[in-house]
């Protein structure tokens, strides 16, 4: 028996709309080509009305009871829906996890520079993974590394409203912390 080494990529689901004879419901709520609600009609009668006007009968909401169908040109309707889907996909921004690396003996100025970079990442809507890698004898000073990470988060909290997504975690010689923006902090003088 031969074992297949091919990996099949799942095919993305495309928008599928039933139309004309593909509509299985016995009756539909009908909308004409101008968007006017006609009412509940038997599917064969609605299909005959669509053909009479030179259009197709397209099921636009199969979950409704009875399903909603529209008299429209199927090709144009499908093109519009795919266009809307492409636009939504283009405007969707996936959040990334950006990294900031600190050290156990980091200076105050370097800490400020890392804080400013983290603030840029958070302003862009990304999450920030702050990490310290302990080398050699530094591994014995885990609590000191925790203090450095907590100090960094406190510095961030002074300027930006952040929330800790994932607490301190130690994996052998690496200690990490994941933070994200919890919304913009109010600018201006404090209320009196």
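For the range 84-93, the criterion of being over 28 Å from the mean Cα position of the chain (by Cα), without any contact (Cβ under 8 Å) to a residue 12 or more places away in the chain and not in a strand (DSSP E or B) is satisfied by no residue at all. The requirement of being surrounded by 15 or more Cβ atoms within 10 Å (Cβ to Cβ), in contact with a strand residue (DSSP E or B) (Cβ under 6 Å, 6 or more places away or on another chain) and not in a helix (DSSP H, G or I) is not satisfied by residue 47. Within the range 54-72, can one find any residue that is in a strand (DSSP E or B), surrounded by 12 or more Cβ atoms within 10 Å (Cβ to Cβ) and in the same structural domain as residue 155 (by TED's automatic domain parsing)? Looking for residues that are in a strand (DSSP E or B), surrounded by 12 or more Cβ atoms within 10 Å (Cβ to Cβ) and in the same structural domain as residue 155 (by TED's automatic domain parsing), one finds none in the range 54-72, hence no. Would you confirm, using the coordinates I've provided, whether residue 77 is touching a residue at least 60 places away in the same chain (Cβ under 8 Å), in a loop (DSSP other than H, G, I, E, B) and either in the same structural domain as residue 133 (by TED's automatic domain parsing) or over 30 Å from residue 148 (Cα atoms) (or both)? No; evaluated as a whole, the condition is false for this residue. For the range 3-37, residues that are at pLDDT 90 or above and part of a strand (DSSP E or B) total 6. Applying the set (1) touching a helix residue (DSSP H, G or I) at 6+ places or on another chain (Cβ under 9 Å); (2) surrounded by fewer than 12 Cβ atoms within 10 Å (Cβ to Cβ); (3) closer than 28 Å to residue 92 by Cα to residue 164 leaves exactly one unmet item: (2). Any chance the range 109-117 includes a residue that's assigned to a strand (DSSP E or B), surrounded by fewer than 18 Cβ atoms within 10 Å (Cβ to Cβ), within 31 Å of the chain's Cα centre (by Cα) and not assigned by TED's automatic domain parsing to the domain that holds residue 46? No.
The values are calculated or read from the model by the stated rules, or taken from the named source; none is laboratory data. Remember, predicted model here, so these are calculated numbers, not experimental data. Because the Cβ atoms are built from the backbone with ideal geometry, glycine has one as well, and the counts that use them run over all protein chains shown.
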